[in-house]
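Working notes, structure below.
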Amino acid sequence: MERKLRRLFSRAYEDIEINIPRVEQREFGIGNLEKKIYKRHLAFLSLEELKAFLIREAPFYISYSAAYYQNPSAPMEKKGFLGADLVFDIDVSLEELEKAKEDVLYLYDVLKQDFGFKDIVINYSGNRGFHIHVRDPEALGIGKEGREALVEYFNLQKFDYKELLKHYTAYRGKKDAEILATGGILGPSPREHKAGFLGKFLTNLYGVLDEKGRKFLLKGDWRYVKSSHVKKALEKTRLRLDVDNQVTSDLSKLIRMENSIHGSTGLQAKVLSLEKLEGFDPWEEAVVFSKEKKVLVQMKESFRIPRKNISLQEGKLYRMPEYLALFVVLQKKAILKD
């Protein structure tokens, strides 16, 4: 069965575009059906060489380094570290992808608006979530501690709103003077800030206030804002799903290669534009195997295909589209019979 699966993977890779920036400076690792990375320290001199390898070897998993090296195939201590992409991994489940999309949009907005990053790539992982890669030159030199601090920033682990208000204590005009003269606390207004972390936080703060509190907040007057309001707004603002801190902070970590085929699902780790993210459905847009060709499988155990509402019973034979048949086989719930 493994040989047949490899033939199918090989055929699919013939039609997949591979476009990895600075491919010659990255380390690669491959996996089989038992282990996602069983061999690493691989290197390729060109995209053409990498694609030829994928077609010839058809690995079930291929990952690559966020880091760039002088000698990517050398042992770790001799690679010659040159910097690393900033990577965030939001890992959920196929059923929770809609929730994950909201976190991806938040991450993207804050990375762009608050940090000024421009070269941001979003890709579906091929299985249970999304990866965000930041490739701006300014991001490449951020060390382990700096990357851990970024994850803390997104999760608002050390946020103090009183520090935020300190930036607004100076009199900046007649309106501000009037607010302070009436006993109000000068702070940021949702009218002034619409993007990034501050924009989202203020929008959520506005949403938890009553009508009077909202009226004053719009003027930059925080007199009716209580700590309980801030706490509620922060809960709405912080990432609802966990970002894998190890993926972000570990500079030697290998991560699923974009546009590759995931060996647990048969789905593509597809690069997505921001515009395509909201409506993205992996069963429509990340499928690389045939939707028309039917394949016979026998179930090893009962299983429900996520997001498809298809329930399959242990021991029964099913003839189904190739892409679904490969999904249940790669999930180790069935065996190929054809």
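The values are calculated or read from the model by the stated rules, or taken from the named source; none is laboratory data. What you see is a predicted model; the values in this text were computed from it and never measured. Positions of Cβ are backbone-derived with ideal geometry, glycine not excepted, and every protein chain shown enters the neighbour counts.
Of all residues in region 187-209, which are crowded, with 17+ Cβ neighbours inside 10 Å, within 12 Å of Leu164 (Cβ to Cβ) and in contact with a Gly (Cβ under 8 Å, 6 or more places away or on another chain)?
The answer is Gly187, Pro188.
Picking from Glu138, Glu96, which residue would you name as being acidic (Asp, Glu), touching a residue at least 40 places away in the same chain (Cβ under 8 Å) and not assigned by TED's automatic domain parsing to the domain that holds Ser227?
Only one candidate qualifies: Glu96.
Might you check whether a residue that is farther than 26 Å from Leu202 by Cβ and at pLDDT 90 or above occurs anywhere in region 99-115?
No, region 99-115 has no match at all.
Look through region 29-77, keep the residues that are assigned to a strand (DSSP E or B) and among the polar types (S, T, N, Q), and return whichever of them is surrounded by the most Cβ atoms within 10 Å (Cβ to Cβ).
Result: Ser65.
Out of Glu148, Glu152, which single residue is touching a residue at least 12 places away in the same chain (Cβ under 8 Å) and assigned to a helix (DSSP H, G or I)?
Glu148
Within region 128-135, identify whether any single residue is assigned by TED's automatic domain parsing to the domain that holds Ser252, surrounded by fewer than 17 Cβ atoms within 10 Å (Cβ to Cβ), touching a residue at least 40 places away in the same chain (Cβ under 8 Å) and not in a loop (DSSP other than H, G, I, E, B), and answer yes or no.
no
What are the residues in region 109-126 that are touching a residue at least 40 places away in the same chain (Cβ under 8 Å) and buried (at least 19 other Cβ atoms within 10 Å of the Cβ), if any?
Listed by number, the residues that qualify are Val110, Ile122, Asn123, Tyr124, Ser125, Gly126.
Residue-by-condition table, conditions (1) polar (S, T, N, Q); (2) at positive phi:
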position: Ser273; (1), (2): yes, no
position: Lys276; (1), (2): no, no
position: Glu292; (1), (2): no, no
position: Lys300; (1), (2): no, no
position: Asn309; (1), (2): yes, yes
position: Lys316; (1), (2): no, no
position: Leu324; (1), (2): no, no
position: Ala334; (1), (2): no, no
position: Lys337; (1), (2): no, no
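Does Arg319 satisfy being more than 15 Å from Leu8 (Cα to Cα), assigned to a strand (DSSP E or B) and without any contact (Cβ under 8 Å) to a residue 12 or more places away in the chain?
no
Quick check on region 241-254. Is at least one of its residues under 30 Å from Glu148 (Cα atoms), loosely packed, with under 15 Cβ neighbours inside 10 Å and free of Cβ contacts under 8 Å to residues at least 12 places away in the same chain?
Yes, region 241-254 contains at least one residue that is under 30 Å from Glu148 (Cα atoms), loosely packed, with under 15 Cβ neighbours inside 10 Å and free of Cβ contacts under 8 Å to residues at least 12 places away in the same chain.
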